[in-house]
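The values are calculated or read from the model by the stated rules, or taken from the named source; none is laboratory data. Note that the structure is predicted; figures quoted are calculated from it, not measured. Every residue, glycine as well, gets a Cβ built from its backbone with ideal geometry; the counts of neighbours run over all protein chains shown. SASA here: full protein model, heavy atoms, side chains in, ligands and nucleic acids out. Shrake-Rupley method; radii C 1.70, N 1.55, O 1.52, S 1.80 Å.
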Amino acid sequence: QVQLVESGGGLVQAGDSLRLACAASGRTFTNDVMGWFRQAPGKEREFVAAISRAGISTYYADSVKGRFTISRDNAKNTVSLQMNSLKPEGTAVYYCAAETWDVRTATAYGYWGQGTQVTVST
C-alpha cells in the first residue's frame, strides 16, 4: 500500500520557521515530481511548491517564493518543506503529493498524504 505521511506541523508565531517532512512508503517516487499543497478553511487547495525527480528544478507559488524551500532525499524517499518567515495567512493544512503531469495542479497528482496542520498566530 502506497502511503505519504506528513509530519512537522504545529502552532507557531508570525515570523517563525517550521520544517515539514513527507515520508513515502510502498513504492519509490525517485522518478516522479513531488509537491506540497495547502488548504485553508473554506478555501480551495492551493499549490505551494514542487520539485523535479532529480531535485534539479523547483517550483514555488509567488506567495511563498523566497521564504519556502523544497528539497528531497531520494535515498530516503522523502521530501521536505522549509518554511521561514511564516505569515498568519499561511495557516492551513499542508499536504504532500506525488506523481503528476502538471506540477501546479492538484488534480493532476496521483498520491496524497493525510495532511499536517500549520497554524501561524499573530
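A few points about this structure:
- Hits in the stretch 4-14 (condition: under 13 Å from Thr119 (Cβ atoms) and open to solvent by 60 Å² or more (accessible area, probe 1.4 Å)): Leu11, Gln13
- Residues of the stretch 82-103 that turn out to be closer than 19 Å to Arg72 by Cβ, in contact (Cβ under 8 Å) with a residue 60 or more places away in the chain and of a type outside the set (A, V, I, L, M), as a count: 7
- Members of the stretch 18-29 that are open to solvent by less than 20 Å² (accessible area, probe 1.4 Å) and either within 16 Å of Thr100 (Cβ to Cβ) or not in a strand (DSSP E or B) (or both): Cys22, Ala24, Phe29
- Filtered residues of the stretch 104-119 (kept if under 18 Å from Asp16 (Cβ atoms), under 12 Å from the mean Cα position of the chain (by Cα) and open to solvent by 30 Å² or more (accessible area, probe 1.4 Å)): Gln117
- Scan of the stretch 74-103 for residues that are buried (at least 16 other Cβ atoms within 10 Å of the Cβ), of a type outside the set (A, V, I, L, M, F, W, C) and within 19 Å of Arg45 (Cβ to Cβ), ordered by number: Gly90, Thr91, Tyr94, Tyr95, Glu99, Thr100
- Residues that are more than 15 Å from Ala50 (Cβ to Cβ) and assigned to a loop (DSSP other than H, G, I, E, B) within the stretch 75-122 comprise Ala75, Lys76, Asn77, Asn84, Ser85, Leu86, Lys87, Thr91, Gln114, Gly115, Thr122, listed in sequence order.
- Checked against (1) aliphatic (A, V, I, L, M); (2) without any contact (Cβ under 8 Å) to a residue 24 or more places away in the chain; (3) touching a Pro at 6+ places or on another chain (Cβ under 7 Å), Val120 passes all but condition (2).
- Members of the stretch 86-122 found to be in contact with a Gly (Cβ under 6 Å, 6 or more places away or on another chain) and over 23 Å from Gly26 (Cβ atoms), listed by number: Gln117, Val118, Val120
- Single match in Thr30, Thr58 (criterion: at pLDDT below 95 and out of contact with any His (no Cβ under 8 Å at 6 or more places or on another chain)): Thr30
Every residue, every condition in (1) crowded, with 17+ Cβ neighbours inside 10 Å; (2) basic (Lys, Arg); (3) part of a loop (DSSP other than H, G, I, E, B), yes or no:
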| position | (1), (2), (3) |
| --- | --- |
| Asp16 | no, no, yes |
| Asn31 | no, no, yes |
| Lys43 | no, yes, yes |
| Ala49 | yes, no, no |
| Ala54 | no, no, yes |
| Ser63 | no, no, yes |
| Arg72 | yes, yes, no |
